[in-house]
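Student: Below is one structure. I have some questions about it.
The values are calculated or read from the model by the stated rules, or taken from the named source; none is laboratory data. Bear in mind that the values here come from a model prediction, so they are computed numbers and not experimental data. Positions of Cβ are backbone-derived with ideal geometry, glycine not excepted, and every protein chain shown enters the neighbour counts. Calculation scope for accessible area: heavy atoms of the full protein, side chains included, ligands and nucleic acids excluded. Shrake-Rupley method; radii C 1.70, N 1.55, O 1.52, S 1.80 Å.
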Amino acid sequence: MVMKINRIALAILFVLVQSIAEINAEQTERPNILWLVCEDISPYLGCYGDQQAHTPNLDQLASEGVLFTRAYSNAPVCAVARSTLLTGMYASTIGTQHMRSRPVVPDSIPVYPRLLRQAGYYTVNKNKTDYNSLNLEEDKDTFWDETKGPQTLKTLPKDKPFFAVFNTAVTHEGQIRPDREEKYVERGDIPESPRIPPQEIKLPPYHPDLPEIRHDWARFYDQITLMDSIVGGWLDELEEEGLADNTIVFFYSDHGGMLSRSKRFIFNEGTQVPLIVRVPEKWQNLVNSGSGSFAPGSANHELVQFADFAKTICSLAGIEPHKLMQGRVFIGPDKEPEPSVVYLYRDRQNERYDFSRAVTDGRYYLIRNFMPHRPRGQEPEHGYNVHRNWRAWRDWYLKDPEAASPLHSRFFKPKPVIEFYDLENDPWQVNNIAADPAQQARITSMENKLYEWMVETRDTSLIPEPMWYDFTGKNKTFNTIYEYAQSDEFPVAKVLEAAKSASKGDLALLPKYLEMLSDTNSLVRHWAAYGIFLVRKNTPKIQETLRQVIATDAYSANRTMAAQALAHCGDPDTAFKALMKEINTEEDEYKRLLALNGLQYGRVDNRLSKADWEALAARKPSKESPDYLAYYFAKSIPAHVLKVWPRRMIVE
């Protein structure tokens, strides 16, 4: 009884404290904050010097605010990037890095609009949430006051400050599909013929000169101009409602893009974004205090990343940032020093796994590929299905792979373990200088910083996604992958060393890989099997060791990786049977997805008939799978095989 009374008293006290905080917040005038967000563009704006762009409204906004020249989305894809924006934490830390997925994150993870709302702000986001998390998406009405209806400033309350996110999707990759293009032309949103004749488009050097690629680039610039007019309309409404003098405006894109080899990919074209911030004269004291000059029309060359945004918004609103937020304040009275580098991540994209990390200081850009066998242009993939430019590139390459230049064919081939680029001299990142003797000291330094960051932030991609629900969930010690990864159960430094070693695929390290296969840690064993897969050495000892893993390892992901390796190490028959067993018996669709990938990367998929693939495509979803999205990704592989039948889909 006493405990019940104490709980009631604590609840009443909490309500009183929160009410007092909200009253105090309302007594202090604070700025409105408006985020104007577009999708899928790199800094392809006139104010960034792009001569092909026609963006008068954003050019004007830049002349009135500050243009950030080195702003980065930590992830090159939308929902992953938004989870970082929402929480101020790296998606690779909280487990929202795989595109798409529905992991649960703990209630302890901060979300900035909740902090703003508790401080008296009215919070609005009506068009795009999309946080790549089951509970963050389901709980959005607990931290946004409005999530539905037209995006307008006219209906916002006048008695409290607001924070609003307005989003336009007209530059999203799906908008250059032929059917969408026709609708935009019919409505008069874009011209009947591209503003820039396709033959006059300046192509990036990594794209082959194909009509479909030129057409899509030309139409992309038309969509950017349309987006600029929409943003201009919102800025006009801000003036008309008399709010411009009291509102800090951010404009940015959710990541880079959008054509093939940009969105989803961890190159600069996928991660660097336009960012413009306009602070009205009334609130200049917020950015001049402790942050130096913020003169209208200036360019800021500091490194900024999406992980910084939540903490920065808290600073501008006069709120204490949450202690778990991992970024820094880049504007405001609490501005923090610029970091020497920022960190970037790419992971599974729908049905195709990948694992890459990058670090950049704004000039030099290092990529570490932990799954180098997987080409960037994996098929199928959502971008492949949406982009005619991607499909045209793929068809052109498949027609005569030997005729394609190394520059234009590398998109469809395995990746180097280390890539290193000088953005000043190679802005399109086509000249990998990782082997340059003059760069070795810099490469080592940046590589070490990257590894230190992965350990510090406890990178959850070191844990294969199909193993996540072996360690977390109902009736488990840990409810979420974040909680597991923060615990001593995850020896992150040890697993990182295993991943670094295995991903080199070095024949000289084969004895080490075989030794790692008997490690007591299941994650180390997984990376050991991957290293053996890359080496592809055919010996009786290796075959017997891999067969033993298939027969005895408790984890499906480890059995699958051992089978994938065995297929290349002289026993494809056993490998095929093992992979099919995982596909046909596992309830967790992520485990099935990994095994379906294993069939193709093990090169034993040709043992399936068309009827076999049809049966796989017809499989019903498992009620026991922890994430229903995985079912659709697993289903898409046989569906695509049937779509291109009888052509065999060669994945590497």
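Student: Checking residue 147 against (1) buried (at least 17 other Cβ atoms within 10 Å of the Cβ); (2) touching a helix residue (DSSP H, G or I) at 6+ places or on another chain (Cβ under 9 Å); (3) more than 25 Å from residue 427 (Cα to Cα), which test does it fail?
Tutor: With (1) buried (at least 17 other Cβ atoms within 10 Å of the Cβ); (2) touching a helix residue (DSSP H, G or I) at 6+ places or on another chain (Cβ under 9 Å); (3) more than 25 Å from residue 427 (Cα to Cα) applied to residue 147, the lone miss is (1).
Student: Please go through segment 385-439 and give me each residue that is open to solvent by less than 40 Å² (accessible area, probe 1.4 Å), assigned to a loop (DSSP other than H, G, I, E, B) and closer than 18 Å to residue 203 by Cα, ordered by number.
Tutor: Correct list: 387, 404, 423, 426, 429, 430.
Student: All but one of (1) on the phi < 0 side of the Ramachandran plot; (2) in a loop (DSSP other than H, G, I, E, B); (3) open to solvent by less than 10 Å² (accessible area, probe 1.4 Å) hold for residue 338; which doesn't?
Tutor: With (1) on the phi < 0 side of the Ramachandran plot; (2) in a loop (DSSP other than H, G, I, E, B); (3) open to solvent by less than 10 Å² (accessible area, probe 1.4 Å) applied to residue 338, the lone miss is (3).
Student: Taking interchain pairs and intrachain pairs at least six residues apart, which have beta carbon atoms under 6 angstrom, with the first residue in segment 166-192 and closer than 23 Å to residue 262 by Cβ and the second of a type in the set (S, T, N, Q) and open to solvent by 30 Å² or more (accessible area, probe 1.4 Å)?
Tutor: If the second residue must be of a type in the set (S, T, N, Q) and open to solvent by 30 Å² or more (accessible area, probe 1.4 Å), the pairs left are 167/127.
Student: Of these, 402, 424, which one is touching a residue at least 60 places away in the same chain (Cβ under 8 Å) and over 17 Å from residue 262 (Cα atoms)?
Tutor: 424
Student: Kindly check whether there is at least one residue in segment 543-553 that is at pLDDT 95 or above, closer than 19 Å to residue 511 by Cβ and of a type in the set (Lys, Arg).
Tutor: Taking every residue of segment 543-553 in turn, at least one turns out to be at pLDDT 95 or above, closer than 19 Å to residue 511 by Cβ and of a type in the set (Lys, Arg).
Student: Do we have residue 318 as surrounded by fewer than 21 Cβ atoms within 10 Å (Cβ to Cβ), in contact with a helix residue (DSSP H, G or I) (Cβ under 6 Å, 6 or more places away or on another chain) and at positive phi here?
Tutor: Answer is no for this residue.
Student: Would you mind telling me which numbered condition in (1) touching a residue at least 12 places away in the same chain (Cβ under 8 Å); (2) among the aliphatic types (A, V, I, L, M); (3) open to solvent by 30 Å² or more (accessible area, probe 1.4 Å) residue 630 fails?
Tutor: (3)
Student: Could you list all residues from segment 198-227 that are touching a residue at least 60 places away in the same chain (Cβ under 8 Å), of a type outside the set (D, E, K, R) and not in a helix (DSSP H, G or I)?
Tutor: Selection gives 201, 204, 205, 206, 207, 208, 210.
Student: Another question, then. Keeping to segment 122-158, report how many residues are free of Cβ contacts under 8 Å to residues at least 12 places away in the same chain and assigned to a loop (DSSP other than H, G, I, E, B).
Tutor: Within segment 122-158, residues that are free of Cβ contacts under 8 Å to residues at least 12 places away in the same chain and assigned to a loop (DSSP other than H, G, I, E, B) number 3.
Student: From the list 36, 136, 61, 85, which one is more than 23 Å from residue 249 (Cβ to Cβ) and open to solvent by less than 30 Å² (accessible area, probe 1.4 Å)?
Tutor: When all the criteria are applied, what remains is 136.
Student: Please work out if residue 614 is among the acidic types (Asp, Glu), under 30 Å from the mean Cα position of the chain (by Cα) and farther than 16 Å from residue 352 by Cβ.
Tutor: Spelling it out, it is not the case that residue 614 is among the acidic types (Asp, Glu), under 30 Å from the mean Cα position of the chain (by Cα) and farther than 16 Å from residue 352 by Cβ.
Student: Right, here's the next one. Among the residues of segment 365-373, is any within 21 Å of residue 463 (Cα to Cα), under 17 Å from the mean Cα position of the chain (by Cα), open to solvent by 10 Å² or more (accessible area, probe 1.4 Å) and not hydroxyl-bearing (Ser, Thr, Tyr)?
Tutor: Yes, because at least one residue in segment 365-373 is within 21 Å of residue 463 (Cα to Cα), under 17 Å from the mean Cα position of the chain (by Cα), open to solvent by 10 Å² or more (accessible area, probe 1.4 Å) and not hydroxyl-bearing (Ser, Thr, Tyr).
Student: Separate question: Looking for something farther than 29 Å from residue 405 by Cα, open to solvent by 60 Å² or more (accessible area, probe 1.4 Å) and outside any loop (DSSP other than H, G, I, E, B) - is there at least one such residue anywhere in segment 187-197?
Tutor: Yes, there is a match, as at least one residue in segment 187-197 is farther than 29 Å from residue 405 by Cα, open to solvent by 60 Å² or more (accessible area, probe 1.4 Å) and outside any loop (DSSP other than H, G, I, E, B).
Student: Here's a follow-up. If I filter segment 539-553 for residues that are in contact with a Phe, Trp or Tyr (Cβ under 8 Å, 6 or more places away or on another chain) and open to solvent by 20 Å² or more (accessible area, probe 1.4 Å), do I get at least one hit?
Tutor: Checked segment 539-553: no residue is in contact with a Phe, Trp or Tyr (Cβ under 8 Å, 6 or more places away or on another chain) and open to solvent by 20 Å² or more (accessible area, probe 1.4 Å).
Student: With among the small types (Gly, Ala, Ser), under 20 Å from residue 172 (Cβ atoms) and open to solvent by 10 Å² or more (accessible area, probe 1.4 Å) as the only criterion, which of 53, 79 stands out?
Tutor: Of the residues listed, the single one that is among the small types (Gly, Ala, Ser), under 20 Å from residue 172 (Cβ atoms) and open to solvent by 10 Å² or more (accessible area, probe 1.4 Å) is 53.
Student: Let me ask something additional. Has segment 96-113 got any residue that is more than 28 Å from residue 146 (Cβ to Cβ), modelled with pLDDT of 95 or more and in contact with a Phe, Trp or Tyr (Cβ under 7 Å, 6 or more places away or on another chain)?
Tutor: yes
Student: Sticking with this structure for a sec: Hey, among the residues in segment 232-262 that are assigned to a loop (DSSP other than H, G, I, E, B) and among the acidic types (Asp, Glu), which one's surrounded by the fewest Cβ atoms within 10 Å (Cβ to Cβ)?
Tutor: Out of the qualifying residues, it is 241.
Student: Could you list, in sequence order, all residues of segment 312-328 that are in contact with a Lys or Arg (Cβ under 7 Å, 6 or more places away or on another chain) and either in contact (Cβ under 8 Å) with a residue 60 or more places away in the chain or part of a strand (DSSP E or B) (or both)?
Tutor: The answer is 317, 318, 321, 325, 327.
Student: Being open to solvent by 10 Å² or more (accessible area, probe 1.4 Å) and farther than 16 Å from residue 486 by Cβ is the filter here, so list the residues in segment 102-111 that pass it.
Tutor: 102
Student: Let me ask something else. Cβ-Cβ below 7 Å, separation at least six or inter-chain, first residue in segment 483-499 and hydroxyl-bearing (Ser, Thr, Tyr), second part of a helix (DSSP H, G or I) and open to solvent by 10 Å² or more (accessible area, probe 1.4 Å): which pairs?
Tutor: 484/471
Student: Still on this model: Pick from 309, 265: which is surrounded by 19 or more Cβ atoms within 10 Å (Cβ to Cβ) and either at pLDDT below 95 or not in a helix (DSSP H, G or I) (or both)?
Tutor: Just a single option satisfies the conditions, and that option is 265.
Student: A further question follows. Among the listed residues 525, 536, identify the single one that is touching a helix residue (DSSP H, G or I) at 6+ places or on another chain (Cβ under 6 Å) and open to solvent by 40 Å² or more (accessible area, probe 1.4 Å).
Tutor: 536
Student: Restricting the search to segment 268-300, which residues are assigned to a helix (DSSP H, G or I) and closer than 21 Å to residue 218 by Cα?
Tutor: Scanning segment 268-300 gives 268, 269, 270.
Student: In segment 543-587, which residue that is touching a helix residue (DSSP H, G or I) at 6+ places or on another chain (Cβ under 6 Å) and in a loop (DSSP other than H, G, I, E, B) is nearest to residue 101 (Cα to Cα)?
Tutor: My answer is 586.
Student: A further question follows. Against the condition within 28 Å of residue 270 (Cβ to Cβ), crowded, with 19+ Cβ neighbours inside 10 Å and touching a Lys or Arg at 6+ places or on another chain (Cβ under 9 Å), how does residue 220 come out, does it pass?
Tutor: no
Student: Is it true that residue 332 is modelled with pLDDT under 95 and either open to solvent by 40 Å² or more (accessible area, probe 1.4 Å) or assigned to a loop (DSSP other than H, G, I, E, B) (or both)?
Tutor: Considered against the rule, which asks whether it is modelled with pLDDT under 95 and either open to solvent by 40 Å² or more (accessible area, probe 1.4 Å) or assigned to a loop (DSSP other than H, G, I, E, B) (or both), residue 332 comes out as yes.
Student: Output the residue which, of all residues in segment 588-613 that are open to solvent by 40 Å² or more (accessible area, probe 1.4 Å) and not in a helix (DSSP H, G or I), is farthest from residue 651 (Cα to Cα).
Tutor: 609
Student: Being at pLDDT below 95 and of a type in the set (Asp, Glu) narrows it down to one of 22, 39, so name that one.
Tutor: That would be 22, the only listed residue that is at pLDDT below 95 and of a type in the set (Asp, Glu).
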